[in-house]
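J.: Quick one: structure below, then a few questions.
Please treat every number below as a calculation from the coordinates, not as lab data. Quick caveat: nothing in here was measured; it's all calculated off a predicted structure. When we count neighbours, we look across all protein chains shown, and the Cβ atoms used for this are built from the backbone with ideal geometry, even at glycine.
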Amino acid sequence: MLIAQRPTLAEETIDAQRSRFVIEPLEPGFGYTLGNSLRRTLLSSIPGAAVTSIRIEGTLHEFTTVPGVKEDVTEIILNLKGLVVSSDSDEPVTMYLRKQGPGEVTAADIAPPAGVEVHNPDLHIATLNAKGRLEIELVVERGRGYVPATQNKQPGQEIGRIPVDSIYSPVLKVTYAVEATRVEQRTDFDRLVVDVETKPSMEPRDAIASAGSTLVELFGLLRELNVDAEGIEVGPSPAEAADIANFSMPIEDMDLTVRSYNCLKREGVHTVGELVTRSEADLLDIRNFGAKSIDEVKLKLAAMGLALKDSPPGFVPSSVESYDEGYETDAYQGDAAFGDPATFDEGTYQETEQL
């Protein structure tokens, strides 16, 4: 099986709604394959929310005006198309806007229900004179891509309900570039740079993660034709490689005290990988393995970024300095210090902690 070097993904944040993602190194040709797929998916298939229809009090259709409002209904609809919203509901939800003049009507005047958020409250919607009054009912739905008003029109909908064009996509712009990069002596590997700009309703990193999830789901259908088919296998990440090395490390290399080392050996624990499968309760069941030995093991594992089973990572004892000093003269001295389990004499370990 061919094993390719695992690419790295780095994000450069340009501003709150724009980020640049760099993926490298990629096998020759995969920069364009991945870049084009990501761009098309980002622009067309990222779920979002948008207004699908409105109803303005006192109007029956979009080709009319509202008394006391400077903009006609068509212009109000055009302004509402710029509304950026997000919704947690898979069902249609209704928002209301009620404003008495004089003054400007903005998206901040909309009262969204729970689970719906307006992300551009400064959006201009209309202008009212002293006698003007504007009441709008807005229906918000989730979807993807672009849906014209003709498709948003529901059979038998109420009179005065005006369907509008819906732009669900939270992604505004996507560009990508493929550059050459070097891996050891080869200079023909690809470096993919993807620039993503989104609306305030979604961060660029969430958008590209959504695109990746969609592509994995679709390409997985092809893999199901033959799950044993051979392909290029991506090598482990640096973190995974470090974990593999740590798991295979013999406990002799952990520099444990003689007491802790001997107890683990008698229990048949020979590597770090075997040790991290044990919980604190499992270790406490070992004869002569007490709380102080538990702390020692947790400290050694924390230094490698590991932890015992069911234990939170990053263990820090209350007094590391005094703890280390207590064991300084009892460090593991090699296999000679480890006795044969068959000849183990409990009297030798009278100083150990008893359960």
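J.: Determine which lysines satisfy two conditions relative to Lys81: a Cα distance under 24 Å, and not lying fewer than 8 residues away in the same chain.
T.: Lys70, Lys99, Lys153, Lys173, Lys199
J.: Can you list the HN-Hα couplings for segment 118-124, worked out from phi with the Karplus curve (6.51, -1.76, 1.60; θ = phi - 60°), rounded to whole Hz and with x for Gly and Pro?
T.: 9, 9, 10, x, 7, 4, 6
J.: Still on this structure, please answer the following. Ordered by packing density, taken as the mean number of other Cβ atoms within 10 Å over each peptide's residues, highest first, how do 60-70, 177-187 rank?
T.: 60-70, 177-187
J.: Okay, moving on. Can you compute the FRET efficiency between Arg223 and Thr13 using 1/(1 + (r/R0)^6), with r the Cβ-Cβ distance and R0 = 35 Å? Round to the nearest 0.05.
T.: Computed FRET efficiency for Arg223 and Thr13 comes out at 0.55.
J.: Subtracting the Cα-Cα distance from 0.36 nm times the residue separation, let me have the gained length for Ala177 to Lys292 in nm, one decimal.
T.: 35.8 nm
J.: Cα-based Rg (one decimal) and Dmax (whole number) for segment 1-114, in Å?
T.: 22.5, 74
J.: Quick one: Debye curve from the alpha-carbon atoms of segment 47-167 only, equal weights, vacuum; give me log10 I(q)/I(0) at q = 0.11, 0.13 Å⁻¹ to two decimals.
T.: Normalising to I(0) and taking log10 leaves -0.33, -0.47.
J.: Residue by residue through segment 62-77, which ³J(HN,Hα) values in whole Hz follow from phi under the Karplus form 6.51 cos²θ - 1.76 cosθ + 1.60 (θ = phi - 60°), with glycine and proline marked x?
T.: Values, residue by residue: 7, 9, 8, 10, 10, x, x, 10, 5, 7, 7, 5, 4, 5, 4, 5 Hz.
J.: Gain in length, Glu230 to Gln154, computed as 0.36 nm per residue apart minus the alpha-carbon separation, to one decimal in nm? Intermediate results must be reported in sequence, preceding the final value.
T.: On the way: separation 76, 0.36 × 76 = 27.36 nm, distance 4.94 nm.
Length gained, Glu230 through Gln154: 22.4 nm.
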